[in-house]
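**Q** Please find one structure pasted underneath; my questions will follow.
The values are calculated or read from the model by the stated rules, or taken from the named source; none is laboratory data. Every value quoted in this text rests on a predicted model; they were computed, and no experiment measured them. Cβ atoms come from the backbone with ideal geometry, glycine included; neighbour counts cover every protein chain shown. Remember, those area values only see protein heavy atoms, side chains included, never the ligands or the DNA or RNA. Shrake-Rupley method; radii C 1.70, N 1.55, O 1.52, S 1.80 Å.
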Amino acid sequence: MSIASAKITARQPLDRLPGKRLYTDAERARRDATKWTLVQGVLAPVQFIVFLISLALVLRYLWTGAGYEAATISIVIKTAILMLIMVTGAIWEKVVFGQYLFADAFFWEDVFSFVVIALHTWYIYALLAGTAGAESMMYIALTAYAAYVVNAGQFLWKLRMARLDAEARI
């Protein structure tokens, strides 16, 4: 694609054109300098471990009917960690890109993150309001978890792209 045929918007710097770098030099420097990068780097694997434990507990409940309380507690913990990582991620995005959410480099990841948040919040609402039975709530959690896996994949892909970009610069 030539620059002439690329669709350029006012918010899309030239280095964000298709096939270009994920971070500008200034954004990369801010990313590498902020403590929020480390916070995200710690919270992401913690969230994934909690997800795996919770997934096992939810599936156990659905297969055996046992362990509803443990599954419920694990889903609440997973949701709390999700909210924490989303808030700290927004702060990270503000430091690196100058806006809390929907920076061009992570726009679609942020959009899908809101789907993940909505599904987790639906579970919490159903739990607190008593609007769904136990089995239905576990299926809501599984739906939220499936969305989380897609979203995690988006972020892993961006991490890989950032590493490939860094290697190409060496």
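**Q** So if R0 is 45 Å, what FRET efficiency would A134 and D25 give, r being the distance between their Cβ atoms, rounded to the nearest 0.05?
**A** The calculated FRET efficiency here is 0.30.
**Q** Averaging sequence separations of C-alpha pairs under 8 Å and six or more residues apart, then dividing by the length of the chain, give the relative contact order as a whole percent.
**A** Here the relative contact order equals 23 percent.
**Q** For the chain, what does the helix formula give at 222 nm: sum of -39500 (n - 2.57) over DSSP H segments with n ≥ 4, over the residue count, nearest 500 deg cm²/dmol? Walk me through the numbers on the way to the answer.
**A** Details: 5 runs with 128 residues, N = 170.
Theoretical 222 nm ellipticity from helices: -27000 deg cm²/dmol.
**Q** On C-alpha positions alone, give me the angle between the axis of helix 134-169 and the longest principal axis of the chain, in degrees, nearest 10.
**A** Relative to the chain, helix 134-169 is tipped by roughly 20 degrees.
**Q** Okay, moving on. In the Gaussian network model of the chain, springs joining C-alpha atoms below 10 Å, which of V96, V76, V46 carries the largest mean-square fluctuation?
**A** Among V96, V76, V46, the largest GNM mean-square fluctuation belongs to V46.
**Q** Using θ = phi - 60° and the Karplus relation 6.51 cos²θ - 1.76 cosθ + 1.60, list the HN-Hα couplings for segment 110-118 in order, rounded to whole Hz, with x at every Gly or Pro.
**A** With the stated coefficients, segment 110-118 comes to 5, 4, 5, 4, 5, 5, 4, 4, 4 Hz.
**Q** Among [x] 38, 37, 29; [y] 59, 32, 24; [z] 66, 31, 26, find the value of Cα extents along the principal axes in Å that was calculated from the structure presented, and write down its label.
**A** Evaluating Cα extents along the principal axes in Å on these atoms matches [y].
**Q** In segment 116-170, if every C-alpha pair distance is counted and binned at 5 Å from zero, what percent goes to each bin?
**A** 5, 20, 18, 14, 10, 8, 8, 6, 5, 3, 2, 0
**Q** Related question: Leaving ligands, DNA and RNA out of it, rank M86, M137, M161 by accessible area with a 1.4 Å probe, largest first.
**A** M161, M86, M137
**Q** Against the longest alpha carbon principal axis of the chain, how many degrees, from 0 to 90 and to the nearest 10, is the axis of helix 35-64 turned?
**A** 30
**Q** Using a Gaussian network for the chain with springs between C-alpha atoms less than 10 Å apart, which of these wobbles most: L52, L142, L82?
**A** Looking only at L52, L142, L82, the largest GNM fluctuation is found for L52.
**Q** Can you tell me, using C-alpha contacts under 8 Å and at least 6 residues apart, the relative contact order of segment 69-170 as a whole percent?
**A** Result for segment 69-170 is 22 percent.
**Q** How far, in degrees from 0 to 90, does helix 68-97 lean away from the longest principal axis of the Cα atoms of the chain, to the nearest 10?
**A** 10
**Q** Take the Cβ-Cβ distance between Q99 and I53 as r, set R0 to 41 Å, and report the resulting FRET efficiency rounded to the nearest 0.05. Kindly include the intermediate steps, with their values, before the conclusion.
**A** On the way: r = 34 Å, r/R0 = 0.83.
Efficiency computed from Cβ-Cβ geometry: 0.75.
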